[in-house]
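The values are calculated or read from the model by the stated rules, or taken from the named source; none is laboratory data. Note that the structure is predicted; figures quoted are calculated from it, not measured. In this analysis, Cβ positions are derived from the backbone assuming ideal geometry, glycine residues included, and neighbour counts consider all displayed protein chains. For the accessible areas, the whole protein counts, side chains as well, though only heavy atoms, and no ligand, DNA or RNA atoms are used. Shrake-Rupley method; radii C 1.70, N 1.55, O 1.52, S 1.80 Å.
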Amino acid sequence: MINESRRKFLKTSALIGAGITGLSTKSVKAEPKYVLDENRMGVLIDTTVCIGCRKCEWACKTAHDLPTQPIESYDDRTVFEKMRRPDAKALTVVNEYPPKETDQFPINVKVQCMHCDKPACVSACIVGAFSKEENGSVIWDTDKCIGCRYCMVACPFQIPAFEFEKAWHPDIRKCDFCFDRTKEGKLPACVEICPMEVLTYGTRKSLIERAHQKISLYPDRYIKHIYGEFEVGGTSWLYLASKDFHELQFPKLGTNTAPGVSEAIQHGIFAYFVPPVALYALLGGVMWINKKKAESNKNKEVHHE
Amino acid sequence: MKKLIIIILFLAPILIQSQTKLNSTHANLNLTCSNCHSCTIPTKENPCLKPCPRESLIRIDQKPEEGPRVIVIDKLRDTDIYAPVKFSHLAHAEMADMTGGCRTCHHYNPPGNVIGCSDCHETTRKRADITKPDLKGAYHQQCMNCHRSWSGKTDCNDCHVVKEKADLKPVKVKDEKSKRIHPEVKAPEKISFNTKTDKGKFVTFYHNDHTGLFGLECSQCHSNESCAKCHSQIKKPAEIKKSFAEQHKKCSSCHEVKTGCNKCHSNKESGPFNHKISTGFDLAKFHSKLNCARCHTTPSKFTGLIKDCVTCHGTWSWDNFDHKKTGLVLNETHGELDCESCHKDKSYANPTCTDCHDDLTYPKNLPGKLIKR
Ligand code: SF4
Ligand code: SF4
Ligand code: SF4
C-alpha cells in the first residue's frame, strides 16, 4: 500500500513536472531502450488463409491472464457484425470483411500491435517506459508509465489501450509479442494456436523473403504489397492480402518514421478512428515534442545502428 | 489393428522407396535438374529443392479407387486435444477428380509413389524452414478451403471430436472397392446459355468439344470450384452483376472475347465445332484422322496457323512425301515433273493440269494412275 501510493505520487509529480516545464523534454525524459537487432523476430500474417476462428484471441487472453469466455464460444461469428479494435481487455481482435461480388470468402484480419521498427510509441513516451527490444518486440515498463497516454496518440495504428476503468493505477495494455513466452523459448500464444498457420513466426528478414516468394508463386492470390515492409519505417509484424490494404481498413501510411510521426497521427485519426476529444488537445503537444525528437532521434540512430 | 494395416499399407511404398529407384525414375523424367533444384549439384543431404508448389513440374494422375479408402490422421495425436480424424480419402479423391485430381491436395510429388502430407510438412510449428506450413497448418489449409465454402462454418467440431468423447474404435473398411461414395458427375455434352445481350443472345457451349477435341483438362476451367459449386449452403446474393471481364473470364484464356463476339454468340442455337466453317480449312479431305495437336503444336493455342501445306509438311521431296496419299500415284507418267509444273501456287490443293492436258484428256478422261483413297 505504501509502495503504491508512493508510486502514484511519483507518477503525479512527474506529470506535473512535465506540465510546469512546458514539456521541455530533456529534463524529464529518460533515454528509452531502442535496439534494432539484425535478427529481430516478426510474424507474417497471411490474411488469405485466415478463417476467422478467433482461436488466437482466446490464446492471447489466456496467456495474459485476461478474463475470457470458454474457447467454444469463439465459434460465434456474430461478433463480426461490427468492427472491433484491440483494447485493454483484448490485445488482439479478428475482424471480418464480407465477400464482395465474386469473392468466395470473407476476409478475416487479425489486428494487434505491429511492433514497429521505428516505434512512435517509444519516441512519444516522455519517461522512456516504452522500449524496442532485441527480439523485435515493443514493450513497456508498467512501473515507469505515468499514464500520460502520449503513446496512444502517437501510435499510427491506435494500438496502446488504457485501462480506464481501473481507478487506482491504470496501466497501458497492448500486444507485447508474448515477451515472457518467447523469453522461455515458446512461441507467441496466437502463433502457437492458429490452426491454419496464418501466423508465421521467424526473423523479419526471412519473413519478408518468404512473403515475396509467396507473391511470386501465387500472383493471382496476393496483391504485390507486403504491409509493414516499409510502412512507418517498417514493422516486425507483416501482412499479406488478396486486395488493397485500404479496403481492409489498414491506414495508408508513408514510409516516413519518427520525424514524420505527427503527420502519421493525423492520418491515422482521420482515416478510420475518432479518439476521445481529449486526445485532440494532446495532439498539439505531441507534435511539438516530435519536432524536438526528430533531431534527438537522428543522434540516437547514429549510436544504435 | 486394421487401422494400423491401412496406415502401413499406405506408408510402405514411401518407406521402401530406395535411392536407386528414385534415380531411375529421375532419369525417365523429361526435366532438367534446374526445374526442381536451385543448385548445380544437388546431394541427398542438400537437395536444394525449389520452393513449393512444383505441381506444374511433376504430377500424379491416379484414379480415386487406386488410393487408400480411409486414412486415420493421427500424426498429431500426442499434442492435440482432439482425437484422430477418420478421413475418407476415397470420397475426397472422387470429389477432387472433378477438378484438379490428385494434385488438388498432393500439390507436390517427387518422382515415384504418391506421398502424404507429413512427408514434407513438419509436425513442429517452431522450426527453421518457414517456406511451407507445419503439418497442422497444411492439413487445415487444405481442408478449410473447401469445407468453409461447403458449410460456411469454421467450427472445429464439424470435423473434430475431443479425445474424451471420441469413439476410438478402429475404422471398419468394407471391401467395396467398386462402390463409389460420391456419385460420378457426368459431363454435359452441351450447355445453351441464354445471355442478356440483344445481339447474339445464345451461346451454345459444346462441353465435349472442349474436353475431347480441344483437349482441355477439367482443372483448366474448374480448378477453383469446390463442393459449393453444386451444393452451396451459403445463400447467394440475389443476382450478382458481373463485369464483362468476369463474365468472359473462363473463355478469354483461349478466345478473343473483345472482338470476336459472333464466334460464340448467335441468335439461335449453333452446331458443334466445324473446322471447315470456323477456319475455312476442310479437314475432311486428308486430315480427318489427325489429332489436333499434330498441327496445333502449342497446347491450347489453335489460332494463327497458316493454311499453306508447307507450314506443317515443310518442303516436299520424294523422300518425305508419299504422293500416293493424294490419290495420284507419281509413276513414270508424272514422276519426272517438278512439283511446280503442276502446283503453280503454294496451296497445292488445286493442281494445274491444263498445261499438258487438253479438254479431252482432262478432266473428262483423267490422266495418270488414280487409286482409291
Ligand atoms: S487463429 Fe488463425 S485462423 Fe483463427 S482467426 Fe486467428 S489468425 Fe485467423
Ligand atoms: S503499432 Fe503502435 S504501439 Fe505498436 S510499436 Fe508501432 S507505434 Fe508502438
Ligand atoms: S503475440 Fe502474444 S500478445 Fe501479441 S497478439 Fe499474439 S498472443 Fe497476443
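In the structure displayed, which of B:285/B:344; B:50/B:169; A:118/B:153; A:214/B:229; A:82/A:243; A:55/B:132 lie more than 30 Å apart, Cα to Cα?
Over 30 Å Cα-Cα: B:50/B:169; A:118/B:153.
Please turn the phi angles of the stretch B:278-293 into ³J(HN,Hα) values with the Karplus equation 6.51 cos²θ - 1.76 cosθ + 1.60 (θ = phi - 60°), one per residue in order, whole Hz, x for glycine and proline.
Whole-Hz 3J(HN,Hα) from phi for the stretch B:278-293: 6, 10, x, 10, 7, 7, 4, 4, 10, 10, 5, 8, 6, 6, 3, 5.
Once ligands and nucleic acids are excluded and a 1.4 Å probe is used, how much of residue A:41 is accessible, expressed in Å² to the nearest 10?
Here the accessible area works out near 40 Å².
Taking amide H positions as placed in the peptide plane 1.01 Å from N, state which residues far from residue B:122 in sequence (5 or more) or on other chains have amide H under 5 Å from it.
B:135
So for the pair residue A:85, residue B:189, with labels modelled 7 Å out along Cα→Cβ, what separation do we get in nm?
The two pseudo-label positions are separated by 6.4 nm.
Checking buried surface per residue: for the stretch B:119-140, which residues lose a minimum of 30 Å² accessible area in the protein assembly relative to the chain alone (1.4 Å probe)?
With the partner chains in place, the stretch B:119-140 has these residues losing at least 30 Å²: B:125, B:126, B:130, B:131, B:136, B:140.
Summed for both chains, how many Å² of accessible area, to the nearest 100, are buried between B and A with a 1.4 Å probe?
Buried: approximately 2400 Å² between A and B.
Take each of the peptides B:246-254, B:191-199, average the number of other beta-carbon atoms within 10 Å over its residues, and list them starting from the highest.
The densest-packed peptide leads the list: B:246-254, B:191-199.
Pop out the ³J(HN,Hα) list for the stretch B:61-66 in order, Karplus 6.51 cos²θ - 1.76 cosθ + 1.60 with θ = phi - 60°, rounded to Hz; leave Gly and Pro as x.
Taking θ as phi minus 60°, the curve returns 10, 10, 7, x, 6, 6 Hz for the stretch B:61-66.
Report residue A:190's accessible area, 1.4 Å probe, all protein chains in place, as a number in Å² to the nearest 10.
Probe radius 1.4 Å; accessible area of residue A:190 about 10 Å².
Please find the FRET efficiency linking residue A:69 to residue B:245, where r is the Cβ-Cβ separation and R0 is fixed at 51 Å, and quote it to the nearest 0.05.
0.70
Can you give me the P(r) profile for the stretch B:64-165? Cα pairs, bins 5 angstrom wide beginning at 0, each as a whole percent.
2, 10, 19, 24, 23, 14, 6, 1, 0
Going by amide H atoms built from the backbone, whose H comes under 5 Å of the H on residue B:87, apart from near neighbours?
Distant-sequence amide H within range of residue B:87: B:71, B:72, B:73.
Would you grab the residues whose amide H sits under 5 Å from the one on residue B:270? Only those 5+ places off in sequence or on another chain, please, with H modelled 1.01 Å from N.
The list, which skips near neighbours in sequence, is B:204.
Per-residue Cβ counts within 10 Å, from other chains only, averaged over B:156-165: what number is that?
Neighbouring Cβ atoms belonging to other protein chains average 1 per residue here.
Give me the one-decimal Kirkwood hydrodynamic radius in Å for the stretch A:41-264, with the sum taken over alpha-carbon pairs.
When all Cα pairs of the stretch A:41-264 are included, the Kirkwood radius is 18.0 Å.
What is the extension gain from residue B:339 to residue B:122, computed as 0.36 nm multiplied by their sequence separation minus the C-alpha to C-alpha distance, in nm to one decimal?
Residue separation times 0.36 nm, minus the Cα-Cα distance, leaves 71.3 nm.
Work through the residues other than residue A:65 whose Cβ is under 12 Å from its Cβ and net out their charges, Lys, Arg +1 and Asp, Glu -1.
Around residue A:65, the charge tally is +2.
Using Cα positions and a limit of under 16 Å, work out the aspartates and glutamates in reach of residue B:301, with same-chain residues fewer than 8 apart set aside.
B:209, B:217, B:256
Show me, for the stretch B:304-316, the HN-Hα J-couplings you get by feeding each phi into the Karplus relation (A = 6.51, B = -1.76, C = 1.60, θ = phi - 60°), rounded to Hz, glycine and proline as x.
Along the stretch B:304-316, the couplings run x, 7, 6, 5, 4, 4, 4, 4, 9, 8, x, 6, 7 Hz.
Using the basic label-point model (7 angstrom from Cα toward the beta carbon), what is the residue B:113 to residue B:308 distance in nanometres?
Inter-label distance under the simple model: 5.6 nm.
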